[in-house]
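Inspection log for the structure reproduced underneath, given as structure tokens.
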Amino acid sequence: MRQYPKPLNRLINEFSKLPGIGGKTAQRLAFHVLSLSTPEVESLANAIRDAKQNLRYCSVCGNLTDQDPCSICSDPQRDPKVICVVESPRDVKAIERTHEFNGLYHVLHGLISPMDGIGADQLCVKELLARLDGTVKEVIMATSPTVEGEATAMYLAKLIKPLGIKTTRL
Ligand code: ZN
């Protein structure tokens, strides 16, 4: 990449840090940015900065939001008796798209993975248990059907069942 001017190399380098972007794609993206008008480039840069500045995790459920609590947690039409446990904000989005769930969510921000050295204390488990204050009657484990997803669901079920709360595996 030495043949490119420094600012272009820098741009390619930044793109290549993104997930799933190899060297070739990074170059293509960088050249695409160069082909844009100045207002278009500013709009792209501002969108990245705004997303980072204005999004946070909901203090109740851990979902990505620009208001706290998030729009789901603060919606009086949602059923507070059921909490659906998911790995990431992307899972919330996927389930919301089905329009079939009307309860609340809890985002763990990861799964238990002994292979990667990720234990329950690195996930938002304490926050989930803190929400089980008597209102919640059912916790649905909607973690992925992988080894990590199953291990996480089993671990949580073991913690939650003794509280007299129904646990369901999706
Ligand atoms: Zn929330």
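The values are calculated or read from the model by the stated rules, or taken from the named source; none is laboratory data. Remember, predicted model here, so these are calculated numbers, not experimental data. We place every Cβ from the backbone using ideal geometry, glycine too, and count neighbours over all the protein chains shown.
Remarks
- Residue check for A51: modelled with pLDDT under 95 and surrounded by 11 or more Cβ atoms within 10 Å (Cβ to Cβ): yes
- Qualifying residue in region 90-102 (condition: in contact with a helix residue (DSSP H, G or I) (Cβ under 6 Å, 6 or more places away or on another chain) and either at pLDDT 95 or above or among the basic types (K, R) (or both)): yes
- Test: residue in region 21-32 that is within 23 Å of the chain's Cα centre (by Cα), without any contact (Cβ under 8 Å) to a residue 60 or more places away in the chain and either assigned to a helix (DSSP H, G or I) or away from the ligand (no atom under 16 Å from the Cβ) (or both): yes
- The residues listed here are R49, R56; of these, the one that is within 21 Å of the chain's Cα centre (by Cα) and over 30 Å from D133 (Cα atoms) is R49.
- Residue in region 37-63 that is farthest from the ligand (Cβ to nearest atom), counting only those that are of a type in the set (G, A, S) and over 26 Å from K126 (Cβ atoms): S37
- The single condition among (1) in contact with a Gly (Cβ under 9 Å, 6 or more places away or on another chain); (2) touching a residue at least 40 places away in the same chain (Cβ under 8 Å) that L123 does not satisfy is (2).
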